Amino acid sequence: MDNEKISMESLAVELPREQQRVRDLLPLYDAIPTGVFAATLMRQALTRAEQAAATGDVIGMLRSYEELKGFTA
């Protein structure tokens, strides 16, 4: 993780925002033949983020937030 500090309140806002941003990237990666691997990684990361949020796993949510931030267009 970088030096950015995130509070519980902002994590509750920022994690869903990152999840949506990555969901919005999926069609771009699905549209190109070489994007299948990256799209698969994105879907797995989204699943981990959803599971962490559903169980209240704060450490998992922070890890997922950082992981999702790494996906770019």
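None of the figures in this text is laboratory data; all of them are computed from the coordinates on show. Since the structure is predicted, the reported quantities are computational estimates derived from the model, not experimental observations. With ideal geometry, Cβ positions are generated from the backbone for all residues, glycine too; neighbour counts draw on all protein chains shown.
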Among what's in the stretch 40-59 and is over 9 Å from the mean Cα position of the chain (by Cα) and buried (at least 16 other Cβ atoms within 10 Å of the Cβ), pick the residue that is nearest to Leu15 (Cα to Cα). Ala53
Taking the condition of being surrounded by 14 or more Cβ atoms within 10 Å (Cβ to Cβ) and touching a residue at least 40 places away in the same chain (Cβ under 8 Å), how many residues in the stretch 16-39 meet it? 5
Just wondering, is there one or more residues in the stretch 6-15 that are surrounded by 14 or more Cβ atoms within 10 Å (Cβ to Cβ) and among the acidic types (Asp, Glu)? yes
